[in-house]
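Structure first, commentary second.
The values are calculated or read from the model by the stated rules, or taken from the named source; none is laboratory data. Values in this document were obtained by computation on a predicted structure and should not be read as measured data. Neighbour counts are summed over all protein chains in view; Cβ atoms, including those assigned to glycine, are modelled from backbone coordinates with ideal geometry.
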Protein chains: 2
Amino acid sequence: MSKKVKIGNIFIGGGAPVAVQSMMTFRPSDTKNTIKQILALEEAGCDIARFCVRDEADAKAIKTIREKTHIPLVADIHFDYRLAVAAAENGADKIRINPGNIGGEDKIKIVADCLKAHKLPVRVGSNSGSIEKEFLLAYGRSEKALAESALKNAALFEKYGVGDIVVSVKASDVRLTVAAYRYIAARCDYPLHLGVTEAGTLKSGVVKNSIGIGALLLQGIGDTVRVSLSAAPVEEVRAAKLILRSVGLEKDYVELVSCPTCGRCEWDLIPFAEKTEKFVSKFKKPLKIAVMGCVVNGPGEAADADLGIAGGKGFCMLFKKGVPYKKVAYEDVEKEFFKEIENCLRSAD
Amino acid sequence: MSKKVKIGNIFIGGGAPVAVQSMMTFRPSDTKNTIKQILALEEAGCDIARFCVRDEADAKAIKTIREKTHIPLVADIHFDYRLAVAAAENGADKIRINPGNIGGEDKIKIVADCLKAHKLPVRVGSNSGSIEKEFLLAYGRSEKALAESALKNAALFEKYGVGDIVVSVKASDVRLTVAAYRYIAARCDYPLHLGVTEAGTLKSGVVKNSIGIGALLLQGIGDTVRVSLSAAPVEEVRAAKLILRSVGLEKDYVELVSCPTCGRCEWDLIPFAEKTEKFVSKFKKPLKIAVMGCVVNGPGEAADADLGIAGGKGFCMLFKKGVPYKKVAYEDVEKEFFKEIENCLRSAD
């Protein structure tokens, strides 16, 4: 099991729930928009918010942002170690830094001392563009280069007494990402921050992130996840939560299974499945419901659903654990099924 | 390696390219719509089309569909063995059947004889709703029950001389699906048809399918895939192709990596990334391109891209393999970048 690291009011690693994070698209000095974005992400289920800190004004703005938001805040620093110090002093809960572009070990020591003084964790790591030259030369753009480069960065902070370290080894290639995390997971007990970097647009990026992050989580690797998408941050959080649900790491929600329809489908299933998904999204309790195309196969195929509905000719059939129990006319389908969902949720209390 | 099975003019298993399949939403007797749907799926990259065969009229319609389409056709049969025979006689390239609801071994023998006479393969398999009772009682709704039930179905056809068998073990639960395929892959050399069944709507279904199918393909398990979505079949094919690309099983396309943007982003990246993705979708040659937010980190982070563009203040920078080589004014960005993409593709000839 990975080491447990405290970040603000939550933990990463050591068996803590896998935390979802995203990165803000505004600079902290655009305080109003940053706060608005963080609050919206909190609502969507985001556990940690990160933003870049590019100058003093950004660092100072953290104070206000810290006051007006609730989840831990991570300051993302490049090039200037003084901004890491300023971010820590202004209330950041974690620093993400790349020792390779900070300008020497004396600067790392200053940052390390500051982290210790404020009891803050740090994230270090590599992506295919920031592998340290020695490892790139020795191992090429490989999982070993990514992981050894990240471990060297972590060792630098260890050297100056910082032990609360989260590590990432991201690539835009899914196979390389998965291989790098497997490699590093076998060689350290740092909590791991999972992500496929520069994964692309919403459509293709969700697929890449799901495979990469999903395959690792299925294997028990990963303590916090950041889905990376060229899309609004809320889409990253939504995708991350779907990934966690799919691998069984989030249980308090209503799961909707629904069939893909075929020539046996007797009703207009797809819009009803989408409407149902929207309806159940507000409930935070475990329940498995099914929306199926035909009464012949539907109840049997969805026998593991607590509650389901299947289309028939001119009516729909409600069923529980595969057993049909009530016919409902098409025009009453929404009212009846949604009422039954609420009944099931109540009886689970 | 799995056994190689011929289906129409392609192969499944034995090292053949992983085939993408989808299921039609029309009955074959709605011949016009079925043909239209298959042709659209062929265009999207579908390799195999399946449809349900519910009566004689459906079976007879296969003849016309076979004449007007190009990819192998699979007849999905429930309950009535005579429809399997009729489908084979009318030109189906493969039969998908559930021995458990066909009504006894004498019927299986008739289907098996028909398959042998027409040299057709068969798909058998289980999903969480069709596990044979003996295995459900012995092992519960587990990977072992799913896999042993499927293996028993396969053995039935083997008994009557049919060896060209494709097997599936689907569940709507991603973990159960992955576990079942791993279990069965270790115990047989049948080519495996991968899928997460009843995976739900487009949004959540893509995530479930990507994780389940992706994790298995990463491990070398799987010979044909069917993404199951409560959405138009073309979405299933698109998602399947994205999965294959993400795990490196399809290389002849232009891959777009793009950063998720942050407070360092200097331009309106997201719509440009989407426009670029659309532009490159028509090219069938391997090229990696990058659309990045800032000139400071962009070229380095996307150093493995053949060609890239990164935003600066008032201009964009083109780069190749991480090395900037040309400034472009915002208003010329689309024209210049797209021209460079075409140049790169030409020079790869």
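Checked against the criterion of being within 23 Å of B:Ile243 (Cα to Cα) and in contact with a strand residue (DSSP E or B) (Cβ under 9 Å, 6 or more places away or on another chain), the candidates B:Ile48, B:Ile77 yield just one match: B:Ile48. Please work out if A:Glu236 is under 14 Å from the mean Cα position of the chain (by Cα) and crowded, with 24+ Cβ neighbours inside 10 Å. Yes; evaluated as a whole, the condition is true for this residue.
Taking the condition more than 14 Å from every other protein chain (Cβ to nearest Cβ), under 24 Å from A:Ser230 (Cβ atoms) and touching a residue at least 12 places away in the same chain (Cβ under 8 Å), does A:Leu192 pass?
Values: more than 14 Å from every other protein chain (Cβ to nearest Cβ): yes; under 24 Å from A:Ser230 (Cβ atoms): yes; touching a residue at least 12 places away in the same chain (Cβ under 8 Å): yes.
So A:Leu192 fits the description; yes.
Mind checking which residues of the stretch B:302-319 are surrounded by fewer than 17 Cβ atoms within 10 Å (Cβ to Cβ) and within 14 Å of chain A (Cβ to nearest Cβ)? Selection gives B:Lys313 alone.
Looking at the structure I just gave you, is A:Val206 buried (at least 24 other Cβ atoms within 10 Å of the Cβ), closer than 24 Å to A:Ala185 by Cα and β-branched (Val, Ile, Thr)?
Working: buried (at least 24 other Cβ atoms within 10 Å of the Cβ): yes; closer than 24 Å to A:Ala185 by Cα: yes; β-branched (Val, Ile, Thr): yes.
Yes; evaluated as a whole, the condition is true for this residue.
Condition first: of a type outside the set (Phe, Trp, Tyr) and touching a Lys or Arg at 6+ places or on another chain (Cβ under 8 Å). Now tell me which residues in the stretch B:301-343 satisfy that. Step through it out loud before you land on a result.
Residues of the stretch B:301-343 of a type outside the set (Phe, Trp, Tyr): B:301-314, B:316-318, B:320-324, B:326-329, B:331-336, B:339-343.
B:Ala303, B:Asp304, B:Ala305, B:Asp306, B:Leu307, B:Gly308, B:Gly312, B:Cys316, B:Met317, B:Leu318, B:Glu334, B:Glu336 - these are the residues of the stretch B:301-343 that are of a type outside the set (Phe, Trp, Tyr) and touching a Lys or Arg at 6+ places or on another chain (Cβ under 8 Å).
To keep it simple, each residue is scored yes or no on (1) of a type in the set (Ser, Thr, Tyr); (2) crowded, with 21+ Cβ neighbours inside 10 Å; (3) modelled with pLDDT under 95.
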position	(1), (2), (3)
A:Thr31	yes, no, no
A:Ala49	no, yes, no
A:Glu67	no, no, no
A:His78	no, no, yes
A:Arg82	no, no, no
A:Ala87	no, yes, no
A:Lys94	no, yes, no
A:Gly103	no, no, yes
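Scanning the stretch B:37-52 for residues that are within 14 Å of another protein chain (Cβ to nearest Cβ) and either assigned to a helix (DSSP H, G or I) or more than 15 Å from the chain's Cα centre (by Cα) (or both) returns B:Gln37, B:Ile38, B:Leu41, B:Ala44, B:Phe51, B:Cys52.
Are any of the residues in the stretch A:154-162 in contact with a helix residue (DSSP H, G or I) (Cβ under 7 Å, 6 or more places away or on another chain), surrounded by fewer than 16 Cβ atoms within 10 Å (Cβ to Cβ) and within 26 Å of A:Leu73 (Cα to Cα)? Checked the stretch A:154-162: at least one residue is in contact with a helix residue (DSSP H, G or I) (Cβ under 7 Å, 6 or more places away or on another chain), surrounded by fewer than 16 Cβ atoms within 10 Å (Cβ to Cβ) and within 26 Å of A:Leu73 (Cα to Cα).
For the stretch A:187-213, filtered to residues that are of a type outside the set (Ser, Thr, Tyr) and in a strand (DSSP E or B), the residue that is farthest from the chain's Cα centre (by Cα) is A:Ala199. Just so you know, in the stretch A:255-301 the residues that are of a type in the set (Lys, Arg) and more than 7 Å from chain B (Cβ to nearest Cβ) include one that is surrounded by the fewest Cβ atoms within 10 Å (Cβ to Cβ), and it is A:Lys282.
Filtered by the rule that a residue be surrounded by 13 or more Cβ atoms within 10 Å (Cβ to Cβ) and touching a Leu at 6+ places or on another chain (Cβ under 9 Å), the stretch B:327-349 gives B:Lys327, B:Val328, B:Glu336, B:Phe337, B:Glu340, B:Ile341, B:Cys344, B:Leu345. Take the residues in the stretch A:111-147 that are surrounded by fewer than 18 Cβ atoms within 10 Å (Cβ to Cβ) and under 30 Å from A:His70 (Cβ atoms); name whichever of them is nearest to the chain's Cα centre (by Cα). Checking each candidate, the answer is A:Lys119. Which pairs turn up if I take residues in the stretch B:164-175 that are at the interface with another protein chain (Cβ under 10 Å from one of its Cβ atoms) and look for partners that are aliphatic (A, V, I, L, M) and part of a loop (DSSP other than H, G, I, E, B) with beta carbon separation below 8 Å, at least 6 apart in sequence or on another chain? What qualifies is B:Lys170/B:Val196; B:Ala171/B:Val196; B:Ser172/A:Ala302; B:Ser172/B:Val196; B:Val174/A:Val247; B:Val174/B:Val196; B:Arg175/A:Val247.
Tell me which residues, restricted to the stretch B:25-78, are without any contact (Cβ under 8 Å) to a residue 60 or more places away in the chain and of a type in the set (S, T, N, Q). Within the stretch B:25-78, B:Ser29, B:Thr31, B:Asn33, B:Thr34, B:Thr64, B:Thr69 meet the criteria.
A Cβ distance below 8 Å, combined with a sequence gap of six or more or placement on separate chains, defines the contacts here; from the stretch B:299-312, residues that are closer than 13 Å to B:Ser258 by Cβ reach residues that are part of a loop (DSSP other than H, G, I, E, B) and aliphatic (A, V, I, L, M) in the pairs B:Gly308/B:Ala302; B:Ala310/B:Val295; B:Ala310/B:Ala302; B:Gly311/B:Val295. Filtering the stretch A:78-110 to residues that are small (Gly, Ala, Ser) and either part of a loop (DSSP other than H, G, I, E, B) or under 21 Å from A:Val167 (Cβ atoms) (or both) leaves A:Ala84, A:Ala87, A:Ala88, A:Gly91, A:Ala92, A:Gly100, A:Gly103, A:Gly104. Within the stretch A:137-145, is even one residue touching a residue at least 12 places away in the same chain (Cβ under 8 Å) and in contact with a strand residue (DSSP E or B) (Cβ under 7 Å, 6 or more places away or on another chain)? No, the conditions are met nowhere in the stretch A:137-145.
Of all residues in the stretch A:1-29, those satisfying the criterion of being under 15 Å from the mean Cα position of the chain (by Cα), surrounded by 24 or more Cβ atoms within 10 Å (Cβ to Cβ) and assigned to a loop (DSSP other than H, G, I, E, B) are A:Gly13, A:Met24. Out of A:Ala179, A:Ala154, A:Ala150, I need the residue that is free of Cβ contacts under 8 Å to residues at least 40 places away in the same chain, farther than 30 Å from B:Leu244 by Cα and not in a loop (DSSP other than H, G, I, E, B). Which one? Exactly one residue qualifies, and that residue is A:Ala154.
Please determine, by comparing only the residues of the stretch B:176-187 that are among the small types (Gly, Ala, Ser) and surrounded by fewer than 23 Cβ atoms within 10 Å (Cβ to Cβ), which one is nearest to the other protein chains (Cβ to nearest Cβ). Break it down stepwise before answering.
Just the residues of the stretch B:176-187 that are among the small types (Gly, Ala, Ser), to begin with: B:179-180, B:185-186.
If we keep only those that are surrounded by fewer than 23 Cβ atoms within 10 Å (Cβ to Cβ) as well, we get B:179, B:185-186.
Working: B:Ala179: 9, B:Ala185: 15, B:Ala186: 17 Å.
The extreme case among them is B:Ala179.
From B:Leu229, B:Leu244, which residue is within 11 Å of another protein chain (Cβ to nearest Cβ) and in contact (Cβ under 8 Å) with a residue 40 or more places away in the chain? Of B:Leu229, B:Leu244, the one residue that is within 11 Å of another protein chain (Cβ to nearest Cβ) and in contact (Cβ under 8 Å) with a residue 40 or more places away in the chain is B:Leu244.
A count restricted to the stretch B:255-300 and to residues that are farther than 20 Å from A:Met24 by Cβ, part of a loop (DSSP other than H, G, I, E, B) and either touching a His at 6+ places or on another chain (Cβ under 7 Å) or among the β-branched types (Val, Ile, Thr) (or both) stands at 1.
Would it be correct to say that A:Arg123 is touching a residue at least 40 places away in the same chain (Cβ under 8 Å) and either outside any strand (DSSP E or B) or not aliphatic (A, V, I, L, M) (or both)?
Details: touching a residue at least 40 places away in the same chain (Cβ under 8 Å): yes; either outside any strand (DSSP E or B) or not aliphatic (A, V, I, L, M) (or both): yes.
Spelling it out, A:Arg123 is indeed touching a residue at least 40 places away in the same chain (Cβ under 8 Å) and either outside any strand (DSSP E or B) or not aliphatic (A, V, I, L, M) (or both).
Checked against the criterion of being more than 8 Å from every other protein chain (Cβ to nearest Cβ), buried (at least 19 other Cβ atoms within 10 Å of the Cβ) and part of a helix (DSSP H, G or I), the stretch A:214-226 has at least one qualifying residue.
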